[in-house]
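Written below as structure tokens is the structure these notes are about.
The values are calculated or read from the model by the stated rules, or taken from the named source; none is laboratory data. None of these values were measured; they are calculated from a predicted model. No Cβ is skipped: glycine too gets one built from the backbone with ideal geometry, and neighbour counts run over all protein chains shown.
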Amino acid sequence: MAGWLGAIVRFIVSAFVLLAVGYLVPGVSVASFTSALIASIVIAFLGYIVENFFGENISPQARGLTGFVTSAIVIYFTAKLLAGMQVSFIGSLLAALVIGIVDSFVPTELR
């Protein structure tokens, strides 16, 4: 049960981070909290799929760059799937950078 509660909290925090990114980063627009919440769930799902595809065979040095690029691509394609979110390619790179910085200060994982 605590795992589900942690997941729900993670999605809510991610939604607030996406709203902040939409406000701060040019090229990123999030229509509402509901859109941000759905986007955080889609981003987590797509990120999980990509992470399983790459597996554990990535070196620690490449993991950071691969994670950054993967995050930018996942954010970009999530915006293409959702009507309430618009992201340019440069906006997705900037959003991945900001989200990565926030994640380094607020480390939470779904595992």
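Within segment 22-36, the set of residues being under 16 Å from Phe77 (Cα atoms) and touching a helix residue (DSSP H, G or I) at 6+ places or on another chain (Cβ under 7 Å) comprises Gly27, Val28, Ser29, Val30, Ala36. Only one entry in Leu82, Leu110 is at pLDDT 80 or above and over 10 Å from the mean Cα position of the chain (by Cα), namely Leu82.
In segment 98-111, the residues that are closer than 18 Å to Trp4 by Cα form Cβ pairs under 6 Å with partners that are at pLDDT 75 or above and not polar (S, T, N, Q), at six or more places apart or across chains, as follows: Thr108/Arg10; Leu110/Ala7; Leu110/Arg10. If a residue has to be at pLDDT 85 or above, under 21 Å from Val69 (Cα atoms) and not small (Gly, Ala, Ser) to count, how many in segment 20-44 make the cut? So the count comes out to 8. Answer yes or no: is there a residue in segment 49-63 that is at pLDDT 85 or above, in a helix (DSSP H, G or I) and under 20 Å from Phe11 (Cα atoms). Looking through segment 49-63, none of the residues is at pLDDT 85 or above, in a helix (DSSP H, G or I) and under 20 Å from Phe11 (Cα atoms). When residues in segment 85-107 are screened for being modelled with pLDDT of 85 or more, farther than 13 Å from Ile43 by Cβ and in a helix (DSSP H, G or I), 7 of them pass.
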